[in-house]
Amino acid sequence: MYPARGVETMQEQDLAPHFEELKRALAGKVTEETLFSELKNYVFKYHTDVVSAKKAIIRKYGGPNIGFVTSADMIKKIENLTGEEQNVSIIAKVVFCQNKKINVRSGEKDVTSGTISDETGSVSFTDWSCRDLQNGCTYLFKNCYCRKWNDTVQVNAGVNSSIEESSEKIESTSNVSFSSTPTELCIGEIKNDSKRITVVGRIQSLKIREVETVNGKKTIYSGTIADGTGEIQYSAWNDFSLSIGKTYRIVNAYIKLWRGIPQINMGDYTRVSEADTEIGENEVSQGNEKMIGDLIKNNGGIDVIVRGAVVGIAPKSGIIKRCSQCNRVTINDRCMVHETAQSVPDIRTRIVIDDGTGSITTDMNRDYTEKFTGISLDNAIEFVRNHGEDAIVEEIGSKLYIKRLKVRGNAIMNEYGLKIEATEISNDVIDVENETKELLKKIEGTL
């Protein structure tokens, strides 16, 4: 069972559904400002549970003697939700979910959001306690509240909600209705905020592996898929009999972010069929050349190529240590996941590239750092022994400053600015003669 958080971990936004109940019960008897202040005092100052707080406030201001419905009193099918429920239970399967950060008045907050479904329909949900839910598993969502956004019902699991695994079987049905129609997109058009989509693409790679879930071991299928506009990672919990080199039409997939980068996910309601027209190997994208300034305006891009000069070395470059089991960067020689694992040295360089329209950062791993600087990991370790950690960063920078590079990968915008997760880094060779001719044409065109 995934219990609700206690009063000590509640935040103001979690009081919203209870505040709405009080407004209806005490309509015209007290101002909204006073009502919300009273509710906050009871919960945060006096540490009273929410149900008792509501009853006390109603008694204080002479409201009707009513009881607040518990989740056991109201279990609904999704098709019967109105968007006005303040206390409802739902048994549903998680079609997909993802953990993400959102901005609230108190700052950033971690939540889990996605889509749940039963035999009657599907609905989007948000779990404000960010519990670890698994795609394809069935849960009893207890004591939830509903709202409407753009005339679409949304389910919310708040601090007084709980989510329990359920043994009830919910069969996937082809007639389940979704809140919106999948948007048909080219891969290069996929954004961080894309939701349910339809794409046509060529399978470039395929990996099959087993993972542990709350319901035991499951097989996950993952790899890359491409069209003429870009290439993107995908994953599927079902066997769609995908083959490398074949082209498929994927209907009703959904976009999930991994480290801020969008990926295609295929769930229970995704339909996959071979496409009418094949995409040849020579027809898939070799990357989309973009100016960095345009990527900044668009908050990133899928499978892009940027060119520019190295103008800086960002912090956390140089010698680092990684977990020998999972390759995560360790802190004080300790891995957050594998505490007893050995830390092994590695080298990386976080470079800043500028093309005149803006700047972007990317990580050069050991291979690329050694390739473009000529400094091996062993050389770097010896250099640090003799001159210190800061000195090796300066030495690496001296080999890279003003060097022109071409970088391919997915560009994402985060709190530190624009970053590209590099899949390829190469020297940017400039054809000076042709560049000069193009520049002269542009100058002549302005005269």
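The values are calculated or read from the model by the stated rules, or taken from the named source; none is laboratory data. Quick caveat, the model's predicted, so the values are computed rather than measured. Please note: Cβ atoms are built from the backbone with ideal geometry, for glycine as well, and neighbour counts cover all protein chains shown. Just the protein is used for accessible areas: all its heavy atoms, side chains included, with ligands, DNA and RNA removed. Shrake-Rupley method; radii C 1.70, N 1.55, O 1.52, S 1.80 Å.
Suppose we keep only residues that are farther than 21 Å from D276 by Cβ and within 21 Å of the chain's Cα centre (by Cα) within the stretch 182-206. Which one would you say is least open to solvent (accessible area, probe 1.4 Å)?
In the first step, residues of the stretch 182-206 are kept if they are farther than 21 Å from D276 by Cβ; the result is 190-196, 205-206.
Now drop any that are not within 21 Å of the chain's Cα centre (by Cα), which leaves 190-196.
Details: I190: 3, K191: 81, N192: 67, D193: 114, S194: 22, K195: 146, R196: 30 Å².
The selected residue is I190.
Go through the stretch 35-69 and report how many residues are open to solvent by less than 70 Å² (accessible area, probe 1.4 Å) and at pLDDT below 70.
4
Cβ contacts < 7 Å: first residue over 20 Å from I116 (Cβ atoms), restricted to the stretch 264-286; second residue of a type in the set (K, R), any location; separation 6+ or different chain. Result?
S273/R249; E274/K246; A275/R249; I279/R202; V284/R202
Table: residues versus (1) open to solvent by less than 80 Å² (accessible area, probe 1.4 Å); (2) on the phi < 0 side of the Ramachandran plot; (3) out of contact with any strand residue (DSSP E or B) (no Cβ under 7 Å at 6 or more places or on another chain).
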{"site": "T373", "(1), (2), (3)": "yes, yes, yes"}
{"site": "V384", "(1), (2), (3)": "yes, yes, no"}
{"site": "V393", "(1), (2), (3)": "yes, yes, no"}
{"site": "L405", "(1), (2), (3)": "yes, yes, no"}
{"site": "L418", "(1), (2), (3)": "yes, yes, no"}
{"site": "E433", "(1), (2), (3)": "no, yes, yes"}
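Residues in the stretch 186-235 that are touching an Asp or Glu at 6+ places or on another chain (Cβ under 9 Å) and among the charged types (D, E, K, R): how many? Don't jump to the end; show me each part of the working.
To start, the set of residues in the stretch 186-235 that are touching an Asp or Glu at 6+ places or on another chain (Cβ under 9 Å) comprises 186-188, 197-202, 204, 208, 214-215, 217-221, 224-232.
In the following step, the residues that additionally are among the charged types (D, E, K, R) were identified as 202, 217-218, 227, 231.
Adding up the residues that qualify gives 5.
Is it the case that D367 is surrounded by fewer than 19 Cβ atoms within 10 Å (Cβ to Cβ), out of contact with any strand residue (DSSP E or B) (no Cβ under 8 Å at 6 or more places or on another chain) and under 23 Å from E395 (Cα atoms)? Quick ask: steps written out before the conclusion?
Working: surrounded by fewer than 19 Cβ atoms within 10 Å (Cβ to Cβ): yes; out of contact with any strand residue (DSSP E or B) (no Cβ under 8 Å at 6 or more places or on another chain): yes; under 23 Å from E395 (Cα atoms): yes.
For D367, the condition - surrounded by fewer than 19 Cβ atoms within 10 Å (Cβ to Cβ), out of contact with any strand residue (DSSP E or B) (no Cβ under 8 Å at 6 or more places or on another chain) and under 23 Å from E395 (Cα atoms) - is met.
If I244 passes every condition in (1) surrounded by 12 or more Cβ atoms within 10 Å (Cβ to Cβ); (2) hydrophobic (A, V, I, L, M, F, W, C); (3) over 23 Å from M413 (Cβ atoms) but one, which one does it miss?
(1)
Looking only at residues that are open to solvent by 20 Å² or more (accessible area, probe 1.4 Å) and touching a residue at least 40 places away in the same chain (Cβ under 8 Å) in the stretch 222-241, which one is nearest to I203 (Cα to Cα)?
In this case the residue turns out to be E231.
Taking the stretch 198-229 only, how many residues are part of a strand (DSSP E or B) and modelled with pLDDT of 90 or more?
Filtering the stretch 198-229 down to residues part of a strand (DSSP E or B) leaves 198-213, 216-227.
Add one more test, that the residue is modelled with pLDDT of 90 or more, and what stays is 198-208, 221-227.
Qualifying residue count, the stretch 198-229: 18.
Filter the stretch 394-429 for residues that are of a type in the set (K, R), over 29 Å from the mean Cα position of the chain (by Cα) and farther than 22 Å from P315 by Cβ and give the result. Walk me through how you get there before you give the answer.
Within the stretch 394-429, the first condition is being of a type in the set (K, R), and the residues that meet it are 399, 403-404, 406, 408, 419.
Subset that is over 29 Å from the mean Cα position of the chain (by Cα): 399, 403-404.
If the condition is that a residue be of a type in the set (K, R), over 29 Å from the mean Cα position of the chain (by Cα) and farther than 22 Å from P315 by Cβ, then R404 is the only one that fits.
List the residue pairs whose Cβ atoms are under 9 Å apart, where the first residue sits in the stretch 127-139 and is in contact (Cβ under 8 Å) with a residue 12 or more places away in the chain, the second is outside any strand (DSSP E or B) and of a type in the set (D, E, K, R), and the two are 6 or more positions apart or on different chains.
Close Cβ pairs (under 9 Å, with a partner that is outside any strand (DSSP E or B) and of a type in the set (D, E, K, R)) amount to W128/R5; W128/D14; S129/R5; N135/D268; G136/D268; T138/E168; T138/K169.
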